[in-house]
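Taking it in order: structure first as structure tokens, then the write-up.
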């Protein structure tokens, strides 16, 4: 079974890499870029298209020496790889400010995305480099991840891949579209998180008492995180967005009544989901193992064992949440810290306060998951044992 699972995972990974890495006719990402650009430039008389191209030469490189912040002016020859102009070679100018974070310096052989402006006759009037092609490398990493997860994890690893795929679909195809459409992010995120955690735990561990205890513990931890997040967001009046992010979201959702606080709530719940689900399943598994080894263990002994495992995991999992959120907010923290403000003013910033609420709400939910899962797991297992013993006693009495 492990061998066939590994073979299946490798086959899927190879197909993924082949489709997105070697296919020049793939246009899904270009269609998305094209739509976004046209929407942002709806008042322009020019028609902009995004095409994938290959840099075949960099004939000139002119750089102003006036100051360090000057533009780097590069002229490049590119060959268009898809779209209406596939195969056409054009020369374009690439201006890059070396001080910006989004520089796109090119060299021969690079694959880049370009925006094409057309005139009224449909001919290319101008073009400029939009971005480098990154998705091929990303899909390669995804393929490596799938293969390693399947080889090391075997059957469980393949199940984990399936669970991850379901989570991705639920978030990208259900949760985010519903939020953009104007549905309440709080309700949507709670439902999606509980459903996703339930499905994932059943896929990975099957339908059994252990999974039931993990689902109850995970759901309880998520609900507590949700309550703390809701209270904190309302009390502190948080949005969790910088000015630029807020303007971007306002533009995207301009035709709907959008709830910014609800978006922050959804982020808190999604961030806590993985850690809470992990610790819930770990505790339920450890108690189940102890019960199978020693079925005479009392409820309190099982709970104590689960609590010991939970205490060992609590510190590392809380650190995982804290470091994950801190890493995500690194640029914002550097930006705010550069002003040399007092600690209370730094914490008082909306975006920093939001990150702290994310961390604390998720960590508190994680901590609550430990005793809840331990108690539920012990009660479920011992209740089942009591039922079995009762049936055995009844059979003995009937025989007598």
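The values are calculated or read from the model by the stated rules, or taken from the named source; none is laboratory data. Everything quoted here is computed from the prediction, not taken from an experiment. Ideal geometry is used to build each Cβ from the backbone, glycine not excepted, and the neighbour counts take in all protein chains shown.
Given the condition in the same structural domain as residue 202 (by TED's automatic domain parsing), farther than 30 Å from residue 182 by Cα, touching a helix residue (DSSP H, G or I) at 6+ places or on another chain (Cβ under 7 Å) and without any contact (Cβ under 8 Å) to a residue 12 or more places away in the chain, answer yes or no: does some residue in region 278-288 qualify? No - not one qualifying residue is present in region 278-288.
Answer yes or no: is there a residue in region 129-150 that is over 21 Å from the mean Cα position of the chain (by Cα), buried (at least 16 other Cβ atoms within 10 Å of the Cβ) and more than 30 Å from residue 202 (Cβ to Cβ).
Keep residues of region 129-150 that are over 21 Å from the mean Cα position of the chain (by Cα), which gives 129-132.
Now narrow it down to the ones that are buried (at least 16 other Cβ atoms within 10 Å of the Cβ): 129-130.
Next, only the ones that are more than 30 Å from residue 202 (Cβ to Cβ) stay: 129-130.
Among the residues of region 129-150, at least one is over 21 Å from the mean Cα position of the chain (by Cα), buried (at least 16 other Cβ atoms within 10 Å of the Cβ) and more than 30 Å from residue 202 (Cβ to Cβ), which makes the answer yes.
Okay, residues lined up against (1) exposed (fewer than 12 other Cβ atoms within 10 Å of the Cβ); (2) at pLDDT 75 or above:
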| site | (1), (2) |
| --- | --- |
| 78 | no, yes |
| 85 | no, yes |
| 89 | no, yes |
| 96 | no, no |
| 104 | no, no |
| 108 | yes, yes |
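For the condition farther than 14 Å from residue 378 by Cα and surrounded by 13 or more Cβ atoms within 10 Å (Cβ to Cβ), residue 327 does not qualify.
Look at residue 191 and say whether it is under 25 Å from residue 370 (Cα atoms), within 16 Å of the chain's Cα centre (by Cα) and in the same structural domain as residue 266 (by TED's automatic domain parsing).
For residue 191, the condition - under 25 Å from residue 370 (Cα atoms), within 16 Å of the chain's Cα centre (by Cα) and in the same structural domain as residue 266 (by TED's automatic domain parsing) - is not met.
I'm checking my understanding of the structure. Among residues of region 163-197 that are free of Cβ contacts under 8 Å to residues at least 24 places away in the same chain and crowded, with 17+ Cβ neighbours inside 10 Å, which one is farthest from residue 287 (Cα to Cα)?
Pass one, region 163-197, residues free of Cβ contacts under 8 Å to residues at least 24 places away in the same chain: 164-165, 168-169, 172-174, 176-178, 183, 187, 191-192.
Next cut, crowded, with 17+ Cβ neighbours inside 10 Å only: 178, 192.
Values: 178: 38, 192: 28 Å.
Result: 178.
Among the conditions (1) loosely packed, with under 11 Cβ neighbours inside 10 Å; (2) closer than 22 Å to residue 239 by Cβ, the only one that residue 315 does not satisfy is (2).
Taking region 291-400 as the region of interest, the helices (runs of 4 or more DSSP H) fully inside it that hold 2 or more residues being within 24 Å of the chain's Cα centre (by Cα), in the same structural domain as residue 225 (by TED's automatic domain parsing) and at pLDDT below 80 are 299-328, 330-337. Residues in region 151-162 that are crowded, with 18+ Cβ neighbours inside 10 Å and either at pLDDT 90 or above or closer than 20 Å to residue 198 by Cβ (or both): 158, 159, 161.
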